[in-house]
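Notes follow once the structure below has been shown.
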Amino acid sequence: MLELMSGNEAIARGAWECGATFGAGYPGTPSTEILEAFAQYKGVYAEWSPNEKVGLEVAIGAAFAGARAMAVMKHVGVNVAADPLFTVSYTGTNGALVIITADDPSLHSSQNEQDNRNYAKFAKIPMLEPADSQEAKDLVLSAFEMSERYDTPVFLRMTTRICHSMGVVALGPRRAVPRRPYVKNANKNAMVPSHAYERHFALERRQTLLEAESETFAGNRIEMRSLQVGVVTSGISYQNVREALPEFSTLKIAMTYPLPHQLIRNFASQVNKLYVVEENRPFLEEEILATGIAVEGKQQLLRVGELSASALRRRILHRDSAQQPAVEGLPKRAPQFCPGCLHRGIFFLLAKRKYIVTGDIGCYGLAALPPYNAMDSLICMGAGLTMAHGFDKVVTRSGNPTTEDTEGNKSPGSATTTGPLSSASSVVGKPPAERVVGVVGDSTFFHSGLTGVANTVFNRGVSTFLILDNRITAMTGHQPDPATGLAIDRKPAPRIDIEAACRALGVRRVFRVNAFDLPGMDKLLEAETATAEPSVIIVEGPCIFTDRDSRQPTFLVDQARCVKCRGCFRLGCPAITIEDGEVRIIADLCWGCGLCAQVCPKKAISQAQPEAKP
Ligand SMILES: Cc1ncc(C[n+]2csc(CCOP(=O)(O)OP(=O)(O)O)c2C)c(N)n1
């Protein structure tokens, strides 16, 4: 049977067909749909983990126990999971362990463009890379088998276009794969230094076997056409090469680590000129050059962003693209918070107060853009809280190094003092630009925010933390997290209370506030940023996508009162517009959150009365 599937759906299907029973991971574009689709199959267990390190570790546990297990994450998730990753390469897996990394060239939805092929080489873990949905499914099967055969974790690397493009996939039945018996073996699985030293030799022996495997791996294939030019390529770049340079011969590599050096040499010997076409880093190119084969690649191609067929024509053939130019003169449309979004009010206030805001990744990352410009930094998940502590130690309330005595005397805030929290100097009276708040969402709090709170408490910090709690991972498409009260199957699960968690970590000042109560939030911001001990403000409100019932009657502008000051525009609400010179609210968009009525200085905005029933 044939079915049209995205690359992500095909991976889930492949895992199911080859008898995988276990999947764990953390959401992140472009990988999220893989675990969501896998969880739908009968006979499998899947769970969302609080972060990727946890996801990989539970999958390692499942593989050690003898299952075929999969850990799924986006490229930056592998950074979070890197600690267990490097060591499970030493131990091996017993059962099968396939790690899906979904990379995002062109940063469609990411904070960087890192190329995770480097992780394969760094950790000596084989890597497979599909070029379409069918191959995604086929390579998952190969990956599970390879993992068991060589007792190694196996990477499967996707990129955004392969994840989200649809292609025809031939479906197969599910194979029953018996669980491998678990036998205790501390020499192999408990990596104390003496055991790990021995396992490093085992890893190097495995590496030699995998190099030989790559030479005959069916997915690595030469397609001879022109004898003039040959292109070594893989993944989505293969599709671009076939479209842009159809007359060139290709060596399509599906096992990108370790590389089939003999096969490459063989291919190179059959063509006059050899190119490598790949996105981002010259990964294949450097490996091939290191073996002494002359090859060209990044002299022509950018290291930044995705490739396209037209870019290849332009850069390799020096031919102009036949593509239509983009329509000119269209207005730019910046991404915005949804109407009714819980994040709007707090960032409106933070923008007004001009605080230093160490931000984080989630829907609220949009606050870094106009009209708010209310986020000073966004580095990675969890950094919203930890960076606030670093800022605080330097610019505001505790251990300010500029007050240090030039004679070398220790300041009261330094590490050797044992005084109570209240010994830190108060911020009252400081200019607002020196007040710092750290911001995370609920999913991010459980991903990597807890340790940041512990750090601040433990190190006598005084930071003010905002936890924006919509009880869902909204940014990636509304996956449940530990604050939600639902599991991956959307059935009830224990809900972990953020307030209780913060109190348990030693924060005494924890407040909950309604995200649509501007005066209430403003008061808390003023008070808590002036308090010389850590405090947490949990800003609560629903995500409009998960709580459709939160919609209230629309708000209207009374034109007789409106002075067109445009103060309400600073909310950045897509429902507020100018029509025929009048400020109006688009009823179809308005969610009835009421923030605009709270900010209007002339009280010109009020809620429409629901129509009386006849
Ligand atoms: C290490 C890592 N994993 C996953 C992601 C993808 N990602 C970005 S933000 C986010 C969580 C957003 O949820 P939350 O903090 O609750 O904020 P919301 O979007 O709901 O406002 C995720 C999973 C990422 N950027 N980095």
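Counting only residues that are at pLDDT 95 or above and β-branched (Val, Ile, Thr), which one in segment 306-359 is nearest to the chain's Cα centre (by Cα)?
Only one residue fits best here, namely Thr358.
Can you tell me which residue among Ile288, Ile361 is within 15 Å of the ligand (Cβ to nearest atom), farther than 20 Å from Leu525 by Cβ and either in contact (Cβ under 8 Å) with a residue 40 or more places away in the chain or part of a helix (DSSP H, G or I) (or both)?
Ile361
How many residues does segment 451-480 hold that are within 15 Å of the ligand (Cβ to nearest atom), surrounded by 24 or more Cβ atoms within 10 Å (Cβ to Cβ) and part of a strand (DSSP E or B)?
5
Every residue in segment 165-192 that is part of a loop (DSSP other than H, G, I, E, B) and loosely packed, with under 10 Cβ neighbours inside 10 Å, please.
Hits for segment 165-192 are Pro173, Ala176, Pro178, Pro181, Val183, Lys184, Val192.
Exactly one of (1) over 14 Å from the mean Cα position of the chain (by Cα); (2) more than 30 Å from Ser194 (Cβ to Cβ); (3) buried (at least 19 other Cβ atoms within 10 Å of the Cβ) is unmet by Gly28. Its number?
Among (1) over 14 Å from the mean Cα position of the chain (by Cα); (2) more than 30 Å from Ser194 (Cβ to Cβ); (3) buried (at least 19 other Cβ atoms within 10 Å of the Cβ), Gly28 violates only (1).
Please pick out the residue among Cys590, Cys596, Cys562 that is in contact with a Ser or Thr (Cβ under 6 Å, 6 or more places away or on another chain) and outside the structural domain of Gly477 (by TED's automatic domain parsing).
Exactly one of Cys590, Cys596, Cys562 is in contact with a Ser or Thr (Cβ under 6 Å, 6 or more places away or on another chain) and outside the structural domain of Gly477 (by TED's automatic domain parsing), namely Cys590.
Restrict the check to segment 487-508 and report whether at least one residue is outside any helix (DSSP H, G or I) and in contact with a Cys (Cβ under 9 Å, 6 or more places away or on another chain).
No, segment 487-508 contains no residue that is outside any helix (DSSP H, G or I) and in contact with a Cys (Cβ under 9 Å, 6 or more places away or on another chain).
Quick one: is Tyr150 surrounded by 15 or more Cβ atoms within 10 Å (Cβ to Cβ), free of Cβ contacts under 8 Å to residues at least 60 places away in the same chain and among the hydroxyl-bearing types (Ser, Thr, Tyr)?
Taking the combined requirement at face value, the residue does not satisfy it.
Can you tell me which of Ala424, Ala374, Ala368, Ala383 is at pLDDT 95 or above and either more than 15 Å from the ligand (Cβ to nearest atom) or in contact with a Phe, Trp or Tyr (Cβ under 7 Å, 6 or more places away or on another chain) (or both)?
The conditions single out Ala374.
Would you be able to tell me the number of residues in segment 66-88 that are farther than 17 Å from Ile11 by Cα, in contact with a strand residue (DSSP E or B) (Cβ under 9 Å, 6 or more places away or on another chain) and away from the ligand (no atom under 16 Å from the Cβ)?
2
Go over the candidates Arg561, Arg548 one by one and state the one that is under 25 Å from Thr476 (Cβ atoms) and surrounded by fewer than 15 Cβ atoms within 10 Å (Cβ to Cβ).
Selected residue: Arg548, the only one of Arg561, Arg548 that is under 25 Å from Thr476 (Cβ atoms) and surrounded by fewer than 15 Cβ atoms within 10 Å (Cβ to Cβ).
So in segment 323-371, with the set limited to residues that are of a type in the set (Phe, Trp, Tyr) and under 20 Å from Trp591 (Cα atoms), which one is surrounded by the fewest Cβ atoms within 10 Å (Cβ to Cβ)?
Ranking the candidates gives Phe337 first.
Testing Asp517 on (1) more than 16 Å from Leu450 (Cβ to Cβ); (2) buried (at least 20 other Cβ atoms within 10 Å of the Cβ), one condition comes back false. Which one is that?
Just one mismatch for Asp517, condition (2).
Of all helices (runs of 4 or more DSSP H) completely enclosed by segment 10-113, which ones contain at least 1 residues that are closer than 18 Å to Asp151 by Cα?
Result: 52-64, 82-91.
Being out of contact with any Leu (no Cβ under 6 Å at 6 or more places or on another chain) and at pLDDT 95 or above narrows it down to one of Asn280, Asn266, so name that one.
Testing whether each residue is out of contact with any Leu (no Cβ under 6 Å at 6 or more places or on another chain) and at pLDDT 95 or above leaves just Asn266.
To keep it simple, each residue is scored yes or no on (1) of a type in the set (S, T, N, Q); (2) touching a residue at least 40 places away in the same chain (Cβ under 8 Å); (3) crowded, with 17+ Cβ neighbours inside 10 Å.
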{"residue": "Ser194", "(1), (2), (3)": "yes, no, no"}
{"residue": "Arg206", "(1), (2), (3)": "no, yes, yes"}
{"residue": "Leu209", "(1), (2), (3)": "no, yes, no"}
{"residue": "Met224", "(1), (2), (3)": "no, yes, no"}
{"residue": "Val232", "(1), (2), (3)": "no, yes, yes"}
{"residue": "Glu243", "(1), (2), (3)": "no, yes, no"}
{"residue": "Leu251", "(1), (2), (3)": "no, no, yes"}
{"residue": "Thr256", "(1), (2), (3)": "yes, yes, yes"}
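Note down all Cβ pairs under 7 Å where the first residue falls in segment 371-382 and is hydroxyl-bearing (Ser, Thr, Tyr), the second is within 15 Å of the ligand (Cβ to nearest atom) and at pLDDT 95 or above, and they're at least six residues apart or on different chains.
Tyr372/Phe347; Ser377/Thr358; Ser377/Gly359
Mind checking which pairs have a first residue in segment 106-131 that is farther than 21 Å from Leu210 by Cβ and not assigned by TED's automatic domain parsing to the domain that holds Arg303 and a second that is among the acidic types (Asp, Glu) and within 16 Å of the ligand (Cβ to nearest atom), Cβ under 6 Å, 6 or more apart or different chains?
Leu107/Glu113; Ser110/Asp104
Among the numbered conditions (1) within 9 Å of the ligand (Cβ to nearest atom); (2) β-branched (Val, Ile, Thr); (3) farther than 17 Å from Ala367 by Cα, tell me where Thr444 comes up short.
It fails just one condition, (3).
Taking segment 570-614, which residues are touching a residue at least 40 places away in the same chain (Cβ under 8 Å) and outside any loop (DSSP other than H, G, I, E, B)?
Arg570, Leu571, Leu595, Cys596, Ala597, Gln598, Val599, Ile605, Ser606, Gln607
Does any residue of segment 19-42 turn out to be away from the ligand (no atom under 16 Å from the Cβ), closer than 16 Å to Asp138 by Cβ and not aliphatic (A, V, I, L, M)?
Looking for residues that are away from the ligand (no atom under 16 Å from the Cβ), closer than 16 Å to Asp138 by Cβ and not aliphatic (A, V, I, L, M), one finds at least one in segment 19-42, hence yes.
Checking Ala102 against (1) within 11 Å of the ligand (Cβ to nearest atom); (2) over 11 Å from the mean Cα position of the chain (by Cα); (3) hydrophobic (A, V, I, L, M, F, W, C), which single condition isn't satisfied?
(2)
Does Ala15 fit the bill of being in contact (Cβ under 8 Å) with a residue 40 or more places away in the chain, in the same structural domain as Asn94 (by TED's automatic domain parsing) and of a type in the set (Gly, Ala, Ser)?
yes
The values are calculated or read from the model by the stated rules, or taken from the named source; none is laboratory data. As the structure is a prediction and not an experimental result, all values here were calculated from the model. Cβ: placed from backbone, ideal geometry, glycine included. Neighbour counts: every protein chain shown.
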